[in-house]
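This report refers to the structure that appears directly beneath it.
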Amino acid sequence: MLKKVITYTDFNGVERTEAFYFNLSKAELAEMELSTAGGYTDMLKAIIDAKDTPSLVKIFKDLLLRSYGIKSDDGRRFMKSEQISTEFAQTEAYSQLFMELASDDKAAADFVKAVLPADLAKGVAKSDIPVVQ
């Protein structure tokens, strides 16, 4: 799980500093892989190899919003929904984070690795599995 503290100015001109949480579970990753024809990993590799920037941006946005959630106070749940993702996407914090990741290959790769379960992130670091760069 990634905790990202972002300082941004809201739409009332108020500067805010908030913590945002991002995570993808093994089940979510399996669903992404198995619900994509040919596999999510192979599809992503093909897009990267083709240097298909429009598709890559679309996938990265999906990954960013799919990984965003709200951690319960007791730490037992990581709540996600289309509404939660949409509300986050409507904030300046999202815009700021998206631009940071879109303009910095290393930050984007680090983000992807950080939202993976720890044991899978280690495997990504050692393999040739494509990471958005």
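The values are calculated or read from the model by the stated rules, or taken from the named source; none is laboratory data. All figures in this text were calculated on a predicted structure; none of them were measured in a lab. Here the Cβ is made from the backbone with ideal geometry for all residues, glycine too, and neighbour counts use every protein chain on show.
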Quiz prompt | Hits in the range 46-65 (condition: among the basic types (K, R) and within 17 Å of the chain's Cα centre (by Cα)) | solution = K58, K61
Exercise. Would you please list the contacts, defined by Cβ atoms under 6 Å and residues six or more apart or on different chains, that run from a residue in the range 90-102 that is aromatic (F, W, Y) and modelled with pLDDT of 95 or more to a residue that is part of a helix (DSSP H, G or I) and surrounded by 13 or more Cβ atoms within 10 Å (Cβ to Cβ)?
Key: Y94/F88
Quiz item: Does at least one position in the range 21-35 carry a residue that is at pLDDT 95 or above, assigned to a loop (DSSP other than H, G, I, E, B) and surrounded by 12 or more Cβ atoms within 10 Å (Cβ to Cβ)?
Solution: yes
Quiz item: Do we have I48 as within 17 Å of Q90 (Cβ to Cβ), surrounded by 12 or more Cβ atoms within 10 Å (Cβ to Cβ) and of a type in the set (A, V, I, L, M) here?
Solution: no
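Here is a check on your reading of the model: is G39 farther than 23 Å from A107 by Cα and touching an Asp or Glu at 6+ places or on another chain (Cβ under 6 Å)?
On the way: farther than 23 Å from A107 by Cα: yes; touching an Asp or Glu at 6+ places or on another chain (Cβ under 6 Å): yes.
Criteria met by G39.
So, T17, is that one more than 12 Å from the chain's Cα centre (by Cα), surrounded by fewer than 12 Cβ atoms within 10 Å (Cβ to Cβ) and assigned to a helix (DSSP H, G or I) or not?
The answer is no for T17.
Please go through the range 5-14 and pick out each residue that is in a strand (DSSP E or B) and among the aliphatic types (A, V, I, L, M). Break it down stepwise before answering.
The initial filter retains those residues of the range 5-14 that are in a strand (DSSP E or B), namely 5-9.
Answer for the range 5-14, where residues must be in a strand (DSSP E or B) and among the aliphatic types (A, V, I, L, M): V5, I6.
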